[in-house]
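Report on the structure given below.
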């Protein structure tokens, strides 16, 4: 037996994760054209974002169990097939209802690949390496909101909007080929032979440390999605930026997050994981202070941009490390644990944004509440539930000679 090259698993995991954000951001530039073609308003089509997330959240728990029982490879392949078919049908939709239905199934397919990606990393990497890789993965994911709209705009210059979904279908096909021919199964063989081992395992989703990291990461996702949702209103409506100026500003701010994410693995070589997570929460709280100062100081655009940059930095520093710590408790139930993390993050953030929107709170206050809650509760969780120092030893994935 000899160890399999871990780089193949990193390639697969990175590819699988990218399906989720690409399907969100690639088609946004074509909303007016889609609305016109389907005789729907743009506001009606904005619900496609929620429908997509609903497809992910409602699927993840089943996907996690399937990945732990049948293996990572078949679940990823099924997800790619579902995503590809849904993308083709979304591009040929003639009514808004059929379009939204296919967006739901795109979410189903993306959920399969998303959960499998994190399960693979748990299977193949030890705690320290996984924390570094997840930080890098976060940086790559943060690049999609910048690159996808640009690519979508280039497509729209020459082609009609259905081609955007053809591009998504092609991406789904590529992911399917990677799952079929590049990915080697990482689920330990003993699990295939005795699926009841998982049921008798002491790996519990009710472990207090795991729950603390579920809450920590969910609050972080809520804060970053609140920033994404409120930034157009703050920057264009309050500060008076044009759409082009807003796009440029957001691209630069996204690059700050990317740079931080790619720097995190280096920082982890010199600092403890807990140190980086504490720094992340302090940065989030500092961003809230700066944004509040901007609001009270006549809506200072400079202070707002500094605050936004701090949000990107704080999220990028702590999220990957927290995800790694949450998954470190699981080997037999890594797929289920990944799905629980995804469900909590998607559901919590969507519920918060929906409830706050119902109250009529301003965009700035919506963002400030999310930031303060994330910073204060996150720091409290780090004090109450420090890293459990899970063993760095890890069973290598092997293949026949």
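Read-outs throughout are calculated quantities, based only on the coordinates presented, and are distinct from any laboratory measurement. Treat the numbers as computed from the prediction; the structure is a model and nothing was measured. Backbone-built Cβ (ideal geometry, glycine too); neighbour counts: all protein chains shown.
Below, the figures for the structure above:
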quantity	calculated
nm² value of the averaged projected area, convex hull over the Cα atoms of the stretch 235-313	5.3 nm²
For the chain, fraction of C-alpha pairs farther apart than 28 Å, in %	46 percent
Sorted by Cβ neighbour density within 10 Å, fewest at the top, the residues 377, 178	377, 178
Ranked list, fewest to most other Cβ atoms within 10 Å of each Cβ, for 312, 98	98, 312
Inter-probe distance in nm under a simple model that places probes 7 Å from Cα toward Cβ, at residue 85 and residue 252	4.7 nm
The stretch 208-384, relative contact order [Cα under 8 Å, separation at least 6], %	43 percent
Theoretical ellipticity at 222 nm over the chain - DSSP helices of four or more residues, -39500 (n - 2.57) apiece, nearest 500	-26500 deg cm²/dmol
Cα-based equivalent ellipsoid of the stretch 9-153: semi-axis lengths in Å, sorted from largest, via gyration tensor	29, 18, 11
Which of 123, 68 has the fewest Cβ neighbours within 10 Å, and the rest in rising order	123, 68
Proportion of all alpha-carbon pairs of the stretch 208-384 beyond 29 Å (%)	20 percent
Relative contact order (percent, whole number), the chain, Cα cutoff 8 Å, 6+ residue spacing	28 percent
Cα pair distances exceeding 15 angstrom across the stretch 324-368, given as percent	56 percent
